[in-house]
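Reviewing the structure listed below.
The values are calculated or read from the model by the stated rules, or taken from the named source; none is laboratory data. This one's a predicted model, so the numbers in the text were calculated from it and none came from an experiment. Glycine also receives a Cβ, built like all others from the backbone with ideal geometry; neighbour counts cover every protein chain displayed. Note: accessible area is taken over every heavy atom of the protein model, side chains too, but ligands, DNA and RNA are not part of it. Shrake-Rupley method; radii C 1.70, N 1.55, O 1.52, S 1.80 Å.
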Amino acid sequence: MPEINVTEHLLLNQKKSPMARGQFTHLVNQLILSFKIISREVSKAGLVDILGFTGEINVQGEQVKKLDEYANNVLIHRMSRAGVICAMSSEENDGIIEIPEGFPRGDYTLVFDPLDGSSNIEANINIGTIFSVYRRTTPAEQEAGLEDILQPGVEQVAAGYCIYGSSTMLVMSTGAGVHGFTLDPSVGEFLLSHPDIKIPEKGSTYSINEGYTHYWDAATREVVDYFKDPNNDSRKPYSSRYIGSLVADFHRTLLYGGIFLYPADMRDPSKPKGKLRLMSEANPLAYIVEQAWGLATDGTHRILDIQPKHLHQRVPLIIGSPFEVQKVRDIYRKHGY
Ligand code: AHM
Ligand code: MG
């Protein structure tokens, strides 16, 4: 296969996806540079004194790790000065991130989780950056605001994630399929390694934090029982796989098929909607999975159709191969969802 990088791929696919115009290409190039910088820091994390907590608590009430903060700063700094974004939102920041005075504004808004799965950093487990790009909805002369960001996932014009692991890989879609690019450190470029990814129609693994079984409702318990049942449609139990790092669990599910679930639970009455965030986690992965012919639901609604009400809204996430996601929807429907 001739070596081709992300920008070349975008330009080659211009007909299928009209996104490869100058401003959008520049946006992707700035994201890529941010991912390379974050990847460099992640890969030397064991070598420098960058691991550990900063001692601060982020807007979700979790302790902030130094690498999360680093990744967040890289993305905010680079993307707010790129001249292509008019407003941003990060999982680590309470409100909307405005573009500093004096820098040009562009047509796009960006939502990101700078370093998902960061509780796994010390164990050398894959972590990743997740992102979504939208086009602004308000007139360009106006200062961009919340409404330019709070759009349903179906309005995304691009989304993806960069996974930092045994190799660094960018998986993204601009609405014309899903393509994977692996960072070749010897040339410093993300090269096309996984063209046109399609999730298998049916898989053989399920992925859920089963430690919370006692907090689930009857429908979710029946769902998981189905996957473990030797008499299910596959006539054998599914294998259980759970890393606890969404990007890693999703990436495996995308490539091998099967299902990932983070359902609602009764653990914390203040979080009745699950743990994962609609804007920075569920929407971009739902966009990717649908572009790869998979499905994503909150149990009742298609994730991409949900109208977000606030930036850090949580949502149950059930995502993966069509067969398994449809099965879960059927069981939930039977329980009156
Ligand atoms: P984070 O954004 O604070 O890293 O939290 C999200 C992570 C996901 O990567 C993962 O799927 C989930 O939390 C795991 O949660 P749990 O430990 O409750 O299973
Ligand atoms: Mg996260």
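Restricting to the range 95-124, give me the number of residues that are within 16 Å of ligand 1 (Cβ to nearest atom) and touching a helix residue (DSSP H, G or I) at 6+ places or on another chain (Cβ under 7 Å).
Total satisfying the criteria: 9.
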When you scan the range 70-96, how many residues do you find that are open to solvent by 20 Å² or more (accessible area, probe 1.4 Å) and either assigned to a strand (DSSP E or B) or among the polar types (S, T, N, Q) (or both)? 2
Checking GLN313 against (1) within 13 Å of the chain's Cα centre (by Cα); (2) within 15 Å of ligand 2 (Cβ to nearest atom), only one condition comes out false. Which one? (1)
Residue match in the range 307-330 (condition: free of Cβ contacts under 8 Å to residues at least 12 places away in the same chain and open to solvent by 10 Å² or more (accessible area, probe 1.4 Å)): yes
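Please go through the range 117-143 and give me each residue that is assigned to a loop (DSSP other than H, G, I, E, B), open to solvent by 20 Å² or more (accessible area, probe 1.4 Å) and under 21 Å from ASN73 (Cα atoms), ordered by number.
Within the range 117-143, ASN126 is the sole residue that qualifies.
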Let me confirm something: among LEU276, LEU295, which residue is in contact with a Lys or Arg (Cβ under 7 Å, 6 or more places away or on another chain) and of a type outside the set (Ser, Thr, Tyr)? LEU276
Scan the range 261-281 and give yes if some residue there is of a type in the set (Gly, Ala, Ser) and within 14 Å of ligand 2 (Cβ to nearest atom), otherwise no. yes
Are any of the residues in the range 114-123 under 24 Å from VAL157 (Cα atoms), in contact (Cβ under 8 Å) with a residue 40 or more places away in the chain, under 21 Å from the mean Cα position of the chain (by Cα) and more than 16 Å from ligand 2 (Cβ to nearest atom)? no
Mind listing whichever residues of the range 144-155 are open to solvent by less than 20 Å² (accessible area, probe 1.4 Å) and either modelled with pLDDT of 95 or more or closer than 16 Å to GLY128 by Cβ (or both)? ASP148, ILE149, GLN151, GLY153
Identify all residues within the range 280-305 that are under 22 Å from SER89 (Cα atoms) and open to solvent by 30 Å² or more (accessible area, probe 1.4 Å); write none if there are none. ASP305
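Considering each residue of the range 277-310, count those that are outside any loop (DSSP other than H, G, I, E, B) and of a type outside the set (S, T, N, Q), and give that number.
Qualifying residue count for the region: 18.
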